[in-house]
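Here is the structure we will look at, set down as structure tokens.
The values are calculated or read from the model by the stated rules, or taken from the named source; none is laboratory data. Bear in mind that the values here come from a model prediction, so they are computed numbers and not experimental data. Quick reminder, even Gly has a Cβ in these numbers, built from the backbone with ideal geometry, and neighbours come from all protein chains shown. Quick note on the areas: whole protein, heavy atoms, side chains included, nothing else; ligands and nucleic acids left out. Shrake-Rupley method; radii C 1.70, N 1.55, O 1.52, S 1.80 Å.
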Amino acid sequence: NAGVTQTPKFQVLKTGQSMTLQCAQDMNHEYMSWYRQDPGMGLRLIHYSVGAGITDQGEVPNGYNVSRSTTEDFPLRLLSAAPSQTSVYFCASSYDTSSSYNEQFFGPGTRLTVL
Amino acid sequence: AQSVSQHNHHVILSEAASLELGCNYSYGGTVNLFWYVQYPGQHLQLLLKYFSGDPLVKGIKGFEAEFIKSKFSFNLRKPSVQWSDTAEYFCAVNTDKLIFGTGTRLQVFP
């Protein structure tokens, strides 16, 4: 199993550009989520999904869109990048959120810089 | 809404010192509690978790945590830290989504 994979590892954008951060998992996990990590602020939940076709907002959803067309993939879209979105982005997945199997597995992260 | 507080932002210890990192959460219902660790340059890894049963939970690398329901706390402990424990530690609470605290940066000096 590859676990949770994220691409790209690094990205530099100009203000106003759009891009998609990719996240995929091969563990047949129902629950997937996106976090951003900023110094002194821990990890903040952006969006999450409890299964294919279902997404919901987390703590800091503004400026980001997600979709979940398959169980495996959960891309994060930045429609118009802003410097405030400079951060490290982590994707995570778990079997579900309601059972004792809900340990979250994290991807390696994407370091995004918006100029 | 659920929230998690970690009051120790930066902890500096010498090797063999004992460690206790505080974690408090706010949520009135049943919670699952976690501690994750992030070593320099790496992604988060699960250290230990509490779902039910014995409130004293043992994790990897000699870490343990105690769930005290009356205090809404889940403090992380280790009797004797090592230089390799230098990392950032995150407490998290899971109801329908996983919410993290702001993290505690631990530095252990030889």
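Name the one entry in A:58, A:63, A:40 that is within 24 Å of residue B:91 (Cβ to Cβ) and either away from chain B (no Cβ under 14 Å) or exposed (fewer than 14 other Cβ atoms within 10 Å of the Cβ) (or both).
One residue alone meets the criteria, A:40.
Against the conditions (1) out of contact with any Asp or Glu (no Cβ under 9 Å at 6 or more places or on another chain); (2) open to solvent by 20 Å² or more (accessible area, probe 1.4 Å); (3) under 23 Å from residue B:34 (Cβ atoms); (4) of a type outside the set (Lys, Arg), where does residue A:106 fall short? Just the number, please.
It is condition (2) that residue A:106 fails.
For the list (1) more than 9 Å from every other protein chain (Cβ to nearest Cβ); (2) at pLDDT below 90, I need the number of the one condition that residue A:46 fails.
Condition not satisfied by residue A:46: (2).
Which one of B:61, B:49 is loosely packed, with under 14 Cβ neighbours inside 10 Å and either away from chain A (no Cβ under 14 Å) or in a strand (DSSP E or B) (or both)?
That would be B:61, the only listed residue that is loosely packed, with under 14 Cβ neighbours inside 10 Å and either away from chain A (no Cβ under 14 Å) or in a strand (DSSP E or B) (or both).
So that you can scan it fast, the table gives a plain yes or no per residue for (1) of a type in the set (Val, Ile, Thr); (2) in contact with a Gly (Cβ under 8 Å, 6 or more places away or on another chain); (3) open to solvent by less than 60 Å² (accessible area, probe 1.4 Å); (4) part of a strand (DSSP E or B):
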{"site": "B:57", "(1), (2), (3), (4)": "yes, no, yes, yes"}
{"site": "B:65", "(1), (2), (3), (4)": "no, yes, yes, yes"}
{"site": "B:74", "(1), (2), (3), (4)": "no, no, yes, yes"}
{"site": "B:88", "(1), (2), (3), (4)": "no, yes, yes, yes"}
{"site": "B:92", "(1), (2), (3), (4)": "no, yes, yes, yes"}
{"site": "B:108", "(1), (2), (3), (4)": "yes, no, yes, yes"}
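Mind checking which residues of region B:1-46 are within 12 Å of another protein chain (Cβ to nearest Cβ) and open to solvent by 80 Å² or more (accessible area, probe 1.4 Å)?
B:1, B:9, B:10, B:30, B:41, B:42
Given the conditions (1) at negative phi; (2) exposed (fewer than 14 other Cβ atoms within 10 Å of the Cβ), and given that residue A:28 satisfies all but one, which numbered condition is not satisfied?
Here residue A:28 clears every test but (1).
Consider residue A:76 carefully, then state whether it is in contact (Cβ under 8 Å) with a residue 60 or more places away in the chain and either of a type in the set (A, V, I, L, M) or surrounded by 20 or more Cβ atoms within 10 Å (Cβ to Cβ) (or both).
Against the criterion (in contact (Cβ under 8 Å) with a residue 60 or more places away in the chain and either of a type in the set (A, V, I, L, M) or surrounded by 20 or more Cβ atoms within 10 Å (Cβ to Cβ) (or both)), residue A:76 does not qualify.
Return the only residue of B:12, B:68, B:60 being β-branched (Val, Ile, Thr) and within 14 Å of residue B:105 (Cα to Cα).
B:12
Consider region A:64-90. How many of its residues are in contact with a Leu (Cβ under 8 Å, 6 or more places away or on another chain) and farther than 21 Å from residue A:24 by Cα?
4
Could you count how many residues in region B:82-96 are within 12 Å of chain A (Cβ to nearest Cβ) and without any contact (Cβ under 8 Å) to a residue 40 or more places away in the chain?
Within region B:82-96, residues that are within 12 Å of chain A (Cβ to nearest Cβ) and without any contact (Cβ under 8 Å) to a residue 40 or more places away in the chain number 1.
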